[in-house]
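Enquirer: This is the structure I want to talk about, given as structure tokens.
Derivation of every value follows stated rules applied to the coordinates shown; laboratory data play no part. Note that the structure is predicted; figures quoted are calculated from it, not measured. In this analysis, Cβ positions are derived from the backbone assuming ideal geometry, glycine residues included, and neighbour counts consider all displayed protein chains.
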Amino acid sequence: MQHYIGCTGWSYTSWKGPFYPSNLENAKWLNYYSQIFDYVEIDSSFYRTPNVVMVKNWFKRTPENFRFTAKFPKVITHDKRLKNVDRELELFFQVIDPLKSKTLALLIQLPPSLTISQGLEGLRQLLPTLDNTGFRYAVEVRHNSWFQDLAYNFFTDNNICMVWSQLANIRTPPIATTDFLYIRFIGDRSIQERDFGSIQKDRISEMRKWARNLKAVPKRETGAEEEGKAIMGRGKKNNINLAIVAANNHYAGFGPATANLFRGVVGLPQANWGENKLNLIRERDLKQSTLSDFID
């Protein structure tokens, strides 16, 4: 199983010092982040639809092997609650399209007040549009009414991932509904933004449980003997070959450290950052520069 483990965003001033070198300008944060981790969730797209120039810059400032997920704007999910959103969807897909080749999935985060009866109706209305975009989709539900076969079967039948979330009052059942998994370590709002530069809560035992859930899901296999098998006893066959993991600052206090801890839990090497890492990046970039880089 391939893992992409990173954070829910990269633009946090509290990371300057603990993660970003103190003399690194904000415009270079994403480029620096992308030298440490190979994945990030775009959280800012939830609050405001980005412009196409910004999206193209995200593409240019990250390596070829770097990957994103991006959240649907809240005007679609929260303000209009998935209804009468054709114009908003068209705009979002138009601006995010330049990032398509680096996008693992688009994330549809539903509001806590949206029950399964209301939400399924809205998602069904979106399906014809979603099916024609070329993106993969993941839905994060935040109401307990979704944790039933009606939802699991809907997501499985429509090849939509139901996100596994660790929230303040909700822990999503580890049901796999498509060929990739998406874990979001969100937590609660008890940690203040000024404390986002260091671990404030011990979440290691929880992360170990999620890691065990990942390992319990069958990996991609070939052969006729595997045909027809279900994942976790639900729906039709899905061969899991990808796990996306996004760590929020509110979960333990410091997204990069949380991502690093989970990398260790699943047996991946630790990511390194700081002044020494910046010097190595500068040396590498200098060696890769050509004469044309210094000519106006």
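Enquirer: Nearest 0.05, what FRET efficiency do Gln270 and Tyr47 give at R0 = 35 Å with Cβ-Cβ as r?
Expert: 0.65
Enquirer: Also: State to the nearest 20 debye the size of the charge dipole of the chain about its Cα centre, where the only charges are +1 on K and R beta carbons and -1 on D and E beta carbons.
Expert: Taking the Cα centre of the chain as origin, the dipole is about 440 debye.
Enquirer: Measure nothing but the geometry: give the 0 to 90° angle between the long axis through the Cα atoms of 116-130 and the longest principal axis through the Cα atoms of the chain, rounded to 10°.
Expert: Long axis of 116-130 versus the principal axis of the chain: about 60 degrees.
Enquirer: Full-extension gain between Ser101 and Asp179, please, as 0.36 nm times their residue separation minus the C-alpha to C-alpha distance.
Expert: 26.3 nm
Enquirer: Calculate, for Asp149 and Asn23, the FRET efficiency according to 1/(1 + (r/R0)^6) with r their C-beta to C-beta distance and R0 41 Å; round to the nearest 0.05.
Expert: 0.15
Enquirer: Work out how far the C-alpha atoms of the chain reach from end to end along every principal axis, then list the three figures in whole Å, largest first.
Expert: 57, 46, 43
Enquirer: Over the chain, what is the percentage of antiparallel beta bridges among all DSSP beta bridges, to the nearest 5?
Expert: Roughly 5 percent of the DSSP beta bridges within the chain come out antiparallel.
Enquirer: Have a look at Gly134, Gly253, Gly122 and tell me which one the Gaussian network model of the chain (Cα, springs below 10 Å) gives the largest fluctuation.
Expert: Among Gly134, Gly253, Gly122, the largest GNM mean-square fluctuation belongs to Gly134.
Enquirer: Taking the simple approach of a point 7 Å from Cα along Cα-to-Cβ for both Asp38 and Asp202, what is their distance in nm?
Expert: Placing both labels 7 Å along Cα→Cβ, they lie 3.2 nm apart.
Enquirer: Take the residue pairs Lys56/Lys209; Lys74/Lys100; Lys16/Lys60; Lys60/Lys209 and return only those whose Cα atoms are more than 29 Å apart.
Expert: In this structure, Lys56/Lys209; Lys60/Lys209 lie more than 29 Å apart at Cα.
Enquirer: With springs connecting C-alpha atoms under 10 Å apart, model the chain as a Gaussian network and identify which of Val141, Val217, Val55 has the largest mean-square fluctuation.
Expert: Per the Cα network of the chain with a 10 Å cutoff, Val55 tops the list.
Enquirer: Tell me the label-point distance for the pair Thr115, Arg87, using the 7 Å Cα-to-Cβ offset, in nm and rounded to one decimal.
Expert: The modelled label-to-label distance comes out at 3.1 nm.
Enquirer: Please give the contour-minus-distance gain from Thr129 to Asn241: 0.36 nm per residue of separation, less the Cα-Cα distance, rounded to one decimal in nm.
Expert: Full extension from Thr129 to Asn241 adds 37.8 nm.
Enquirer: Have a look at Trp210, Thr156, Asn84 and report the one farthest towards the positive end of the charge dipole of the chain, computed about the Cα centre with Cβ charges (Lys/Arg +1, Asp/Glu -1).
Expert: It is Trp210, whose Cα lies furthest towards the positive end.
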